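Comments concern the structure below.
Coordinate-derived values only; no laboratory data. All figures in this text were calculated on a predicted structure; none of them were measured in a lab. Note that each Cβ is placed from the backbone with ideal geometry, even for glycine, and that neighbours are counted across all protein chains shown.
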Amino acid sequence: MRYISTRGQAPTLDFEDVTLTGLAADGGLYVPEVWPSFTAEDIRALAGLSYVDTAVAVMRPFVAGSLSDEELRDLCEAAYGRFSHAAVTPLVQLDARHFLLELFHGPTLAFKDVALQLLGLLFERFLKCRDTHLTVIGATSGDTGSAAIDALAGREKVDIFMLHPLGRVSDVQRRQMTTVLAPNVHNIAIEGSFDDAQALVKAAFADREFTQRYTLSAVNSINWARLMAQIVYYFYAAVRLGAPDRAVAFSVPTGNFGDVFAGYVAARMGLPVARLIVATNVNDILHRALSAGDYSTGIVTPTAAPSMDIQVSSNFERLLFDLHGRDGAALAEAMRGFEATRALAIPAAMRQEAAAIFDSARIDADGMALAMRWACQEAGEIIDPHTAIGLAAARSADLPREIPVVTLATAHPAKFSDAVERATGQRPSLPARVGGLFEREERYTTLPATLEAIKAHVAERSVAPA
Ligand SMILES: *Cc1c(COP(=O)(O)O)cnc(C)c1O
């Protein structure tokens, strides 16, 4: 499979290079040159397969030319063998039509493990045959940092430097990162906000002297391999509920538009997806874009679902690329306008095309708490605030009664136990496999929010040959 940039000016890459590269050189994001296509028979053949077998069948066309079936299977077995549930991503029925797809059975209790556990192994596999040492730099407000650190700890030829805002992540989130003592893991507490940390990462990627010295890579969802790994569970869930002979709807708690874009890819590949519901909290840029064509940024309002507190959804560009008829030049011009004015008006024809599959909803704090209580009282399930936003959107969607609606459960409730307790009166406890978090030794370095401090720290700590 070949990969092209959404802005049309960067070199075409194979799967191996696209995995090791973050952003395309022209500022765009990489997407497959063509969407692979599955027939009804291909989908029927997935019935009864294990998660790993489903993963191999679904990802095979995307890695063609870079990995054999056998290599892909070995990586999937290693990545998903670390999940605590035999089904990896089990479906839980809530009532006659609503289901949860539990994506939080990985090592750090958030859905980001599904993609990052595989990405860590892909990095190691592709670096093995190269004379390259990868330096991963990222900023996190919580979930991404711990999932990326768990996935990369101890891997050869990779260093990970993860910046979090000092004192502004929860104790559980911080300890999930700082108790990982592998020598290639470098936790940095920045004296500043999450935005300061993110700005420092951007500055590092833009610094010529720095990028010439180190091969930098990203682990956020601009990385294509992350999205690819998420396509699998849409197939896995839909086949269990009757695909290809029955269409299924999905409701997705959305931040950077990565997870729901993977659902869109599944639909483009032929999976009968009746609807993709883009569920946002009060940071509703995506709801405004899809319902009114207004893709314009505002100020971020902090909520109880912090992984969805975003201003700009990077992966939305991948959908805009298709809506622009895959015309990279036209999209590059639209994105230049957006970067200059922080606003983009989506023409009515494109909005209608998107509406053929996407629906959207904005759920406020009351709607979120109500959904947590409903799940607890009516179905005996404790759900986290992000999942609750997805479930509230699913319950308010206007869909034929016979269509099952699957809400993606993106985090374990114990990661957000205060908010869960406020809404339901019940305090979920951390699963035994992450027990001991509060007894373990922590290691991190506190640095001022300056690029000089970061650069000096990387130079001192990186295992990379300087
Ligand atoms: C990252 C995250 C999301 C948002 O996913 P996107 O792919 O950014 O849309 C939702 N819920 C949780 C718990 C997350 O960690």
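Could you work out [θ]222 nm for the chain from helices alone, using -39500 (n - 2.57) per DSSP H run of at least four and dividing by all its residues? Round to the nearest 500 deg cm²/dmol. Each step should come with its number before you reach the end.
Values: 19 runs with 202 residues, N = 466.
So the helix-based figure for the chain works out to -13000 deg cm²/dmol.
So who's got an amide H within less than 5 Å of the one on G22, skipping anything under 5 residues away but keeping other chains? H placed 1.01 Å off N, in plane.
Close amide H contacts, sequence-distant or interchain: A218.
Mind jotting down the distance between the C-alpha centroids of the stretch 150-183 and the stretch 388-466, whole Å?
13 Å
Take the alpha carbon gyration tensor of the stretch 131-202, find the square roots of its eigenvalues, order them as a ≥ b ≥ c, and report rounded if a/c is under 1.5; if not, report prolate when a/b exceeds b/c, else oblate. Spell out each step's value before the answer.
Working: a/c = 2.42, a/b = 1.40, b/c = 1.73.
Oblate, since a/c reaches 1.5 and b/c is not below a/b.
In percent, how large is the relative contact order of the chain, given Cα pairs closer than 8 Å and 6 or more residues apart?
Values: 916 pairs, mean separation 91.2, N = 466.
Result for the chain is 20 percent.
For the chain, which semi-axes, largest first and in whole Å, follow from the square roots of 5 times the eigenvalues of its Cα gyration tensor?
Working: eigenvalues 188, 139, 111 Å².
Result for the chain: semi-axes of 31, 26, 24 Å.
How large is ³J(HN,Hα), in whole Hz, for each residue of the stretch 87-92 in order, when computed from phi with the Karplus curve 6.51 cos²θ - 1.76 cosθ + 1.60 and θ = phi - 60°, using x for Gly and Pro?
7, 6, 10, x, 9, 10
Between the stretch 47-81 and the stretch 104-128, what is the C-alpha centre distance in whole Å?
The stretch 47-81 and the stretch 104-128 have Cα centres spaced 14 Å from each other.
Got the relative contact order for the stretch 75-229 handy, in percent, Cα pairs under 8 Å and 6 or more residues apart?
Answer for the stretch 75-229 is 22 percent.
Using Cα centres only, tell me the gap between the stretch 228-247 and the stretch 356-384 in whole Å.
22 Å
For a quick protection proxy, order the peptides 244-250, 435-441 by their average other-Cβ count within 10 Å, most packed first. It would help to have the intermediate numbers written out before the result.
Working: 244-250: 19.4, 435-441: 10.4.
In descending order of packing, they fall as 244-250, 435-441.
Pairs on different chains or at least eight residues apart, Cα atoms closer than 24 Å: how many lysine pairs in the chain fit?
Values: K112/K157; K112/K202; K112/K415; K128/K157; K157/K202; K157/K455; K202/K455.
Total qualifying Lys-Lys pairs in the chain comes to 7.
Just need log10 I(q)/I(0) for the stretch 387-436 at q = 0.22, 0.32 Å⁻¹, Debye formula, equal scatterers on the alpha-carbon atoms, no solvent, rounded to two decimals.
-0.85, -1.19
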